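Encoded as structure tokens, the structure appears first; notes follow it.
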Amino acid sequence: DQQVKQNSPSLSVQEGRISILNCDYTNSMFDYFLWYKKYPAEGPTFLISISSIKDKNEDGRFTVFLNKSAKHLSLHIVPSQPGDSAVYFCAASVRRGSGNTGKLIFGQGTTLQVKP
Amino acid sequence: DSGVTQTPKHLITATGQRVTLRCSPRSGDLSVYWYQQSLDQGLQFLIQYYNGEERAKGNILERFSAQQFPDLHSELNLSSLELGDSALYFCASSVARANYGYTFGSGTRLTVV
């Protein structure tokens, strides 16, 4: 049962343009959503998060949007840079008080390629 | 350097063997999580420890076990290895709840031949 899904395995974008990575989830008990970036031969690194009580969170070139009614979130990167080329994972955390232990459920990842 | 140390970085072993993967969490972090990433797959949660106690279990096979020691380092033991166990194994740590993202190590690449 894949509770967090990233349906696009890959995305290619021109440098300077916007990159939009999408993620869908099924569990309404998720209360925090996070994006991680992973380069080859390295572990994933935390990028940005959003609480379920918000619909947008921005950090520099990165913005995450949450649409709770659609159970959908997206990561926007503007402008995209070649150094952004990596695998991006969406992750979700279960609401406190629902047996939450802090574990994260990850999607399958989307490989972003930003072309110079 | 993320502060989470995993050893070894690479491991090649034969089917039927047993291996131990080691993780030292970031200083001050009490929670340790183990994840498995198989080819073209996402990160699958295996198990979590908090201050020496098991807190959550995911899709961890009975052939796999883990523990967290008093100094907070953790070990993941994989036994009766099969070809399908070949994967990247990541350890992550956090102070407590992971709302703000926990810190991953660089992983151990296990190849079973």
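The values are calculated or read from the model by the stated rules, or taken from the named source; none is laboratory data. Being a predicted model, the structure only gives us computed values, none of them experimental. Heads up, the Cβs are rebuilt from the backbone with ideal geometry, glycines too, and the neighbour counts pull from every protein chain shown. Just the protein is used for accessible areas: all its heavy atoms, side chains included, with ligands, DNA and RNA removed. Shrake-Rupley method; radii C 1.70, N 1.55, O 1.52, S 1.80 Å.
Among the conditions (1) surrounded by fewer than 19 Cβ atoms within 10 Å (Cβ to Cβ); (2) within 12 Å of chain B (Cβ to nearest Cβ); (3) aromatic (F, W, Y), A:F30 misses just one, which is (1). Within the stretch A:52-78, residues that are in a loop (DSSP other than H, G, I, E, B) reach partners that are surrounded by 17 or more Cβ atoms within 10 Å (Cβ to Cβ) and among the aromatic types (F, W, Y) with beta carbons closer than 6 Å, at six or more positions or on different chains, in the pairs A:K71/A:Y25.
Number of residues in the stretch B:57-71 that are touching a Phe, Trp or Tyr at 6+ places or on another chain (Cβ under 8 Å) and not in a loop (DSSP other than H, G, I, E, B): the value is 3. Checked against the criteria, B:R26 counts as charged (D, E, K, R), part of a loop (DSSP other than H, G, I, E, B), closer than 24 Å to A:K37 by Cα and open to solvent by 60 Å² or more (accessible area, probe 1.4 Å).
Between B:S38, B:S80, the distinction of being polar (S, T, N, Q) and within 14 Å of another protein chain (Cβ to nearest Cβ) belongs to B:S38 only. B:F64 meets all of the listed conditions (1) buried (at least 22 other Cβ atoms within 10 Å of the Cβ); (2) hydrophobic (A, V, I, L, M, F, W, C); (3) more than 30 Å from A:S51 (Cα to Cα) but one, namely (1). For the criterion of being within 27 Å of B:D1 (Cα to Cα) and either within 14 Å of chain B (Cβ to nearest Cβ) or loosely packed, with under 13 Cβ neighbours inside 10 Å (or both), A:L104 passes.
Every residue, every condition in (1) buried (at least 16 other Cβ atoms within 10 Å of the Cβ); (2) in contact with a Leu (Cβ under 9 Å, 6 or more places away or on another chain); (3) aliphatic (A, V, I, L, M), yes or no:
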residue	(1), (2), (3)
A:P9	no, no, no
A:V13	yes, yes, yes
A:D55	no, yes, no
A:S74	yes, yes, no
A:A92	yes, yes, yes
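In this structure, does A:A70 turn out to be more than 13 Å from every other protein chain (Cβ to nearest Cβ), modelled with pLDDT of 95 or more and open to solvent by less than 20 Å² (accessible area, probe 1.4 Å)? Answer is no for this residue. Only one of the numbered conditions (1) in contact with a Leu (Cβ under 8 Å, 6 or more places away or on another chain); (2) among the charged types (D, E, K, R); (3) open to solvent by 50 Å² or more (accessible area, probe 1.4 Å) is violated by B:R55, and that is (1).
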